[in-house]
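What follows is one structure encoded as structure tokens, with my remarks underneath.
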Amino acid sequence: MRMAQADRVTAVVLLMLGLAMLAGGWTMERLEFRRIHPASIPGLVPMILGGLLALCAVLLWHSARPDAAGRTTARQTAPFLTGGSWSRLALTAALAVVYAIGLIGWLPFTAATFAFVFAFAAVFSWPGGAGRWRAQIKTLLSALVLGVCVAFGTALLFEHLFLVRLP
Amino acid sequence: MTALADLWGALGLLMTPSLLFNAAWATLLGIIVGSLPGLTATMGVALMTTLTYSLDSTTAILVLICMYVGAIYGGSRSAILLNIPGTPASAATSLDGYPLAKAGRAGYAMGLATTGSALGTLVGIVMLVLIAPPLAEAALNFGSFEFFWLAVFGIIISGQLTADTTPLKGYIAGILGLMVAMIGSEGIHAHVRFAFGVPDLYAGIALIPAMVGAFGFAEVLTAMWNRGGELATTKDKSDRTLPRLLDLWRYKVTIIRSGIIGTFVGIIPGVGEDIGAWASYAAARKTSKEADQFGKGSYEGLMAAETGNSAVVPGSLIPAITLAVPGSSSSAVLIAALFIHGIRPGPLIMIEQPQFISLISAMLIVATLFMLIFGLTLTRAFVQVLRVPYAYLMPVVFVLCVIGTFALSQRMFDITVMVAFGLVGFVLRQMKYPMAPLVLGIILGALLDKSLRRGLTLSDGDLMPFFTRPVSAVFVVVIVTSILLNIPAVRRAALAPLRYLGRKRDA
């Protein structure tokens, strides 16, 4: 995907967000029953911000278009979300979301943290290819040690030394 | 003389074994955090804030300042050895640092970077001591009208200067930050806005979870998405870490100029260390006798970049302490941390805690001393730190993000906020939206909202005082000019006289 396409999609999303904010500010309670000054209604700034965001969205859409002669700028043709590893990104995001929103609160902190750190370290340092079982066992053992150290180390450090309550 | 005596007294206060020990480990940790690509100073300070909840306020602030100073300096390590800036602040450092390392002069490059950083921080400290008290005094006369424009000025300038491609994206990031600040109970009538019936949203989105997400989780995602760099391991036998005094003396003007540029960049709201380094680097290249060496391993270029970015640290604290408006993303977290520890930054600081500016300056001096000691002695150890694989480092960082977010108010909701900001922050970064205006928007949203409505109430709905009061008028002129200069036709017309004069001089 090129930056111009990404900008056009974002412009639509931002326009909708801006208009929603504008409508939200307009329809917001004006607290007339409390006899507040009409210039201090709670919806005033949200309305202004919504309008400004909608305006910026229109300008963004315009800036993503080729000029009258059909020429595009380097900024418009710059690649978007390329040059990195999609699989590493997806795995990182999935592991982090499962840990932070799924495991934390459902399992005790040390168990959840051990599972996350072990899985993360093992997945991202896994030596691929057949017949590399020695390296694979070493990776699993390293991940295991790291998982145990981080899970119990953070619990000890934060709860007992820094007196911070853990999730 | 009073300022000097106060500073001396504050330094005396910090000379206890316990405080020095805390300063030492925090600076060392800061250097390690800064040197690892993917971990930035803002993230380090945000995570460190969570460790300081149970500490007394002096220790807590000392630890945070040391982390900030250490991390900004630490970024130069990977910039020199890997050609990947450890923090965005060191991007300009890699231009000359990496060629020097490739030529086997990594040790000397790191020595110069260390000395440059220390001197830059010291120049910034002098400016902090000189500028902060009169600024706080002047700000005592600010009313709602001026504070409204100050908030607008911060967002506009930050959006303009931190945007990678077009200022429009900086403005959008700033507006998005302001919109986030509109969530929850507002500050005048306590009316709950945009909570959609979710009780967790009644208090609004807290800054720390948002920042840990935008700077912590988003950086974990970015680090795993990107590929690693190649470690420069060539070593020249004549390489040494301790810089020659002759080299420092030769670049004295560059050092002082970069320190002053860095400090002033730091004072501008939301414009961080990276801009300080680039501005100093550009100024040095423009005036240098060896401009052709810039980008190929110039000592002067390296010194300018490192002096510039480190001077931003004290510079960014000037508006943070006196106006509660952060000069950089890291100082935004520092403001939140100050509130947590019972210190109220703002114009009243000189009345409520007159010694505070001296204390912060003394803390910066202590941090600089430890930075100098560690930087010049532990060169080899830092090379080893850069060999830690991301597979082992990043899960630990994310666990700290979760703990730090939860520790603030023991709410699972904050963890969800952190994750959401991380995912959205990653996409926005990839689309070249700067994060600094977004953060500034979150922190300045309440000030902007309250100041506008309070000002309008005071003037009975009349907009004129927003434009006619002297300070407000200056803000309006600067804001309008800076926006108009983005329009090519206006810029061409405005710069035409300067171009004419330039042509006349060349002829």
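The values are calculated or read from the model by the stated rules, or taken from the named source; none is laboratory data. All figures in this text were calculated on a predicted structure; none of them were measured in a lab. When we count neighbours, we look across all protein chains shown, and the Cβ atoms used for this are built from the backbone with ideal geometry, even at glycine.
A quick yes/no check of all residues on (1) under 19 Å from the mean Cα position of the chain (by Cα); (2) free of Cβ contacts under 8 Å to residues at least 40 places away in the same chain; (3) over 29 Å from residue B:54 (Cβ atoms):
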residue	(1), (2), (3)
B:328	yes, no, no
B:368	yes, no, no
B:386	no, no, yes
B:389	no, yes, yes
Scope region B:248-266; condition among the hydroxyl-bearing types (Ser, Thr, Tyr) and part of a helix (DSSP H, G or I); matching residues: B:254, B:258, B:263
Evaluation of residue A:149 against (1) touching a Lys or Arg at 6+ places or on another chain (Cβ under 9 Å); (2) within 26 Å of residue B:219 (Cβ to Cβ) (one fails), failing number: (1)
Scan of region B:423-446 for residues that are within 21 Å of residue B:335 (Cα to Cα), crowded, with 23+ Cβ neighbours inside 10 Å and out of contact with any Pro (no Cβ under 7 Å at 6 or more places or on another chain), ordered by number: B:434, B:435, B:436, B:437, B:438, B:439, B:441, B:442, B:444, B:445
Residue list for region B:96-118, restricted to those being more than 22 Å from residue B:27 (Cβ to Cβ), hydrophobic (A, V, I, L, M, F, W, C) and crowded, with 24+ Cβ neighbours inside 10 Å: B:100, B:101
Restricting region A:85-110 to residues that are loosely packed, with under 15 Cβ neighbours inside 10 Å and at the interface with another protein chain (Cβ under 9 Å from one of its Cβ atoms), the residue that is nearest to the chain's Cα centre (by Cα): A:86
So residue A:117, is it assigned to a helix (DSSP H, G or I), more than 9 Å from chain B (Cβ to nearest Cβ) and hydrophobic (A, V, I, L, M, F, W, C): no
Residue match in region B:371-378 (condition: crowded, with 24+ Cβ neighbours inside 10 Å, closer than 30 Å to residue B:243 by Cα and not acidic (Asp, Glu)): yes
Check on residue B:179, within 11 Å of chain A (Cβ to nearest Cβ), assigned to a helix (DSSP H, G or I) and not β-branched (Val, Ile, Thr): yes
Residue satisfying all of: in region B:380-389; assigned to a helix (DSSP H, G or I) and aliphatic (A, V, I, L, M); nearest to residue B:4 (Cα to Cα) among these: B:381
Scope region A:114-161; condition surrounded by fewer than 16 Cβ atoms within 10 Å (Cβ to Cβ), without any contact (Cβ under 8 Å) to a residue 12 or more places away in the chain and either within 16 Å of residue B:403 (Cα to Cα) or among the small types (Gly, Ala, Ser) (or both); matching residues: A:128, A:129, A:130, A:131, A:135, A:149, A:153, A:156, A:157, A:159, A:160, A:161
Region A:128-167 - residue that is of a type in the set (D, E, K, R) and assigned to a loop (DSSP other than H, G, I, E, B) and, of those, farthest from the other protein chains (Cβ to nearest Cβ): A:132
Any chance residue A:34 is at pLDDT below 90, over 26 Å from the mean Cα position of the chain (by Cα) and within 10 Å of chain B (Cβ to nearest Cβ): yes
Tally, over region B:157-176, of residues that are modelled with pLDDT of 90 or more and crowded, with 24+ Cβ neighbours inside 10 Å: 7
In region B:184-195, residue surrounded by the fewest Cβ atoms within 10 Å (Cβ to Cβ) [restricted to those that are at the interface with another protein chain (Cβ under 10 Å from one of its Cβ atoms) and without any contact (Cβ under 8 Å) to a residue 60 or more places away in the chain]: B:190
Matching option when the condition is β-branched (Val, Ile, Thr), modelled with pLDDT under 90, surrounded by fewer than 24 Cβ atoms within 10 Å (Cβ to Cβ) and out of contact with any Asp or Glu (no Cβ under 7 Å at 6 or more places or on another chain), among B:42, B:50, B:16: B:50
Residue count, region B:217-246 (criterion: assigned to a helix (DSSP H, G or I) and at pLDDT below 85): 3
Set B:466, B:421: member being assigned to a helix (DSSP H, G or I) and touching a Phe, Trp or Tyr at 6+ places or on another chain (Cβ under 6 Å): B:466
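Condition check ((1) at the interface with chain A (Cβ under 9 Å from one of its Cβ atoms); (2) outside any loop (DSSP other than H, G, I, E, B); (3) at pLDDT 95 or above; (4) closer than 30 Å to residue A:90 by Cβ) across all residues:
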position	(1), (2), (3), (4)
B:391	yes, yes, no, yes
B:398	yes, yes, no, yes
B:425	no, yes, no, yes
B:432	yes, no, no, yes
B:442	no, yes, no, yes
B:461	yes, no, no, no
B:479	no, yes, no, no
B:483	no, yes, no, no
All positions within region B:352-379 that are over 13 Å from residue B:125 (Cβ atoms), in contact with a helix residue (DSSP H, G or I) (Cβ under 9 Å, 6 or more places away or on another chain) and assigned to a helix (DSSP H, G or I): B:356, B:370, B:372, B:373, B:374, B:375, B:376, B:379
Members of region A:42-60 that are touching a Ser or Thr at 6+ places or on another chain (Cβ under 9 Å) and either more than 7 Å from every other protein chain (Cβ to nearest Cβ) or in contact (Cβ under 8 Å) with a residue 60 or more places away in the chain (or both): A:43, A:57
In region B:268-319, residue surrounded by the most Cβ atoms within 10 Å (Cβ to Cβ) [restricted to those that are assigned to a loop (DSSP other than H, G, I, E, B) and touching a Pro at 6+ places or on another chain (Cβ under 7 Å)]: B:270
Filter result (among the hydroxyl-bearing types (Ser, Thr, Tyr) and facing another protein chain (nearest Cβ under 9 Å)) within region B:444-458: B:457
Selection within region B:108-127 - in contact with an Asp or Glu (Cβ under 9 Å, 6 or more places away or on another chain) and of a type in the set (Ser, Thr, Tyr): B:108, B:114, B:115, B:117
Of residues in region A:61-84 being part of a helix (DSSP H, G or I) and modelled with pLDDT of 80 or more, the one nearest to the other protein chains (Cβ to nearest Cβ): A:63
Region B:19-35 - residue that is under 21 Å from residue B:211 (Cβ atoms) and surrounded by fewer than 24 Cβ atoms within 10 Å (Cβ to Cβ) and, of those, modelled with the lowest pLDDT: B:32
